[in-house]
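No value in this document is a laboratory result; all are computed from the given coordinates. All of these numbers come straight from a predicted model, not from anything done at the bench. Every residue, glycine among them, receives a Cβ derived from its backbone with ideal geometry; neighbour counts consider all protein chains shown.
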């Protein structure tokens, strides 16, 4: 019961602070005209969203950090080294996304940072994470506990971490194309990892990492009040990169890296659909999907935005429950 009480308190506090942040921040973003420039290539139904405030990721990033600091000052949690690593990744990817969003706003286009520069920055953060992780006793092993498999990847583990952090941050970014889609799926994913972290009793600060996940679930739920259809604010790269980076970092520290493919299954499919479409167009001069990523394909089929989001939520929830069953019981 104590675990449930702590999780509920963490989510409630994060939820309340994110609502306050949204009520304060959204009018400021509107007054400063920090609006999203919607591309005409994704369909006419999205053109009415042009000018919707962006940088909404701050609505859950700032309250998450503030909530953890309040819990620390209250003596409810300790800032364990694992929690600090996750917060560094969370904030670093958020700042990178903020720089990208700022350039888009400043020049009134969707270019932002160059793809290569953004990728290099993502890789640099991932390498810094790997260095901190290894120098503080992190194990470069890949474990499949249910099968009794424990593989020492040595320095290849660094490449694996690089792939997870960069891939997951971009996967969440690609999925962020419909109102409430990336935010809701991220809330489901962090709920799953909160439970997995709480069960990882061998990890230093496992309860604190679990609380971080539950706090983030609460702040995301608060954010969804403003981001669900019709969205009053978009999270932008500020939010999507931060969420992806934190999700991958949590998976790595809890040694549930492979579960990420299941918990974030919808993110994986969305990314693969974009990759498949790009390869098909470049090499075969034809499309596999009407439009990529996958959520736009369903839009082209005539599905409503709300129906697509609900179906993706259900799939994400089923995959998360499967991952929890595997990670906790098996």
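Test of understanding: in a Gaussian network model of the chain with alpha carbons linked when under 10 Å, which of 95, 29, 119 would top the mean-square fluctuation ranking? Among 95, 29, 119, the largest GNM mean-square fluctuation belongs to 119.
Based on the alpha-carbon gyration tensor of the stretch 114-184 and its eigenvalue square roots a ≥ b ≥ c, which shape applies: rounded if a/c is under 1.5, prolate if not and a/b is larger than b/c, or oblate? If you can, show how the numbers build up before the last one.
On the way: a/c = 2.82, a/b = 1.48, b/c = 1.90.
Here the stretch 114-184 falls in the oblate category.
Counting other Cβ atoms within 10 Å as a rough exposure proxy, the listed residues 278, 321 run 278, 321 from fewest neighbours to most. Centre-to-centre, using Cα atoms only, the stretch 246-299 and the stretch 75-150 are separated by 19 Å. With contacts taken as Cα pairs under 8 Å at a separation of at least 6 residues, the stretch 2-254 carries a relative contact order of 36 percent.
As a rough footprinting exposure proxy, the listed residues 59, 276 were ranked by other beta carbons within 10 Å of their own, and the order from fewest upward is 276, 59. Computed over the Cα atoms of the stretch 46-136, pair by distinct pair, the Kirkwood hydrodynamic radius stands at 15.4 angstrom.
Annotation: the residues 208, 270, 299, 143, sorted from fewest to most other C-beta atoms within 10 Å of their own C-beta, follow the order 143, 299, 208, 270. Hey, any idea what Rg/Rh is for the stretch 111-233, computing Rh the Kirkwood way over Cα pairs? Result: Rg/Rh = 1.02. For the chain, the 222 nm mean residue ellipticity estimated from helices alone, with every DSSP H stretch of n ≥ 4 adding -39500 (n - 2.57) and the total spread over all residues, rounds to -23000 deg cm²/dmol.
Over all directions, the projected convex hull of the C-alpha atoms in the stretch 230-297 averages 6.2 nm² in area.
Cα-based Rg of the chain per 2.2 N^0.38 Å, rounded to two decimals? Numbers along the way, then the final one.
Values: Rg = 19.1 Å, N = 330, 2.2 N^0.38 = 19.9 Å.
So the Cα radius of gyration is 0.96 times the expected 2.2 N^0.38 Å.
Once the stretch 89-137 is represented by equal point scatterers at the alpha-carbon sites, with solvent omitted, what log10 I(q)/I(0) does the Debye formula produce at q = 0.14 Å⁻¹? The Cα Debye sum returns log10 ratios of -0.41.
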